[in-house]
Amino acid sequence: MEVGHACLHGVVPWADVTTYQVVVGIPNGKNLKIVDTDIWNWDPFYPEYKELGPASPDAKGHDWAIPWVKPINSASFKTVHPFYDKITQVNLWGEALIDQAPRSVAWASGKIQQVNIDDVRMIVQLPEIPKESCVEKVNYVFPAVQYCGRSSEPNAMPIMGWLLGTTGKFHIKKIGETEAQWAPSLQMARNLEDKPLPRSCGAGKTITVYPDKADIDTYLMPVEVDKDGTVTRKSLAWWFDRIGKK
């Protein structure tokens with residue numbers, strides 16, 4: 001999976017592109033949602049998407065969370081760091097197993113004024129569509145936030161969010177209205193030859209899976225990379241202070 005990025009600064013598109021960090025949310029976690037939205041609608045946040053219910057598990061007990069990711073660094077983004085949640089599962093013998101659920105991946109360059117044009121890449125493992133499910137296709141939407149470096153342009157946005165909708169922390173005043181609805185996505189399709197839909201389903205349905213708003217506000221924060229390579233998740237206030245903007 002490749003995620004494009006660009007911090008568009010100024011009135012003229014592509015006049016100044018400086019991306020310092022890219023943080024991408026992974027559709028996972030106990031609050032993961034099935035949502036109602038048109039992922040091809042480019043209008044900014046109109047209408048706002050709706051959360052239809054849980055996705056991990058859903059009402060039928062099926063888990064649509066992405067269980068595993070492998071991020072890849074690049075020439076521009078030399079630091080890549082996945083963030084995980086520890087989860088406890090119980091096997092058939094009643095033994096507790098500690099596993100890790102991927103929640104976000106942060107790519108960071110080494111210099112705040114460095115111009116970065118590389119796409120960021122990661123390998124993702126998708127869950128299987130259960131035979132008994134009526135789901136034919138699953139759209140996975142990955143919220144992405146790009147943290148932009150200093151710019152001489154007066155209208156430069158310090159943050160660009162590619163999201164399905166606003167959240168408590170990533171609202172229009174912070175990310176810019178025109179950057180809405182560009183969230184990266186991929187589609188998983190059922191192999192109808194090997195796994196036909198049950199007759200009771202009729203036509204197969206398509207669902208869209210997207211992280212919870214509170215999880216987006218938690219896991220898509222900027223990061224600080226220490227000299228020893230330690231990566232720490234920070235706050236939006238820390239980022240604004242770092243680039244000298246409010």
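Kindly rank 223-233, 132-142, 53-63, 26-36 from highest to lowest mean number of other beta carbons found within 10 Å of each residue.
On the way: 223-233: 12.0, 132-142: 19.2, 53-63: 15.3, 26-36: 21.4.
Order by mean packing, descending: 26-36, 132-142, 53-63, 223-233.
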## Note on the structure
Of the listed links 78/205; 213/234; 50/131; 86/195; 60/213; 30/169, those spanning more than 29 angstrom between alpha carbons are 78/205; 86/195
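Cβ neighbours within 10 Å, averaged per peptide: list 211-222, 69-80 in order, most packed at the top. Don't skip to the answer; put the middle values down first.
On the way: 211-222: 21.9, 69-80: 16.5.
Those peptides, ordered most packed to least, come out 211-222, 69-80.
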### Task
Which order do the peptides 157-163, 187-193 take when ranked by the mean count of other beta-carbon atoms within 10 Å per residue, highest first?
157-163, 187-193
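Where a number appears in this text, it was derived from the coordinates with a stated rule and is not lab data. Computed from a predicted structure; not experimentally measured. Backbone-built Cβ (ideal geometry, glycine too); neighbour counts: all protein chains shown.
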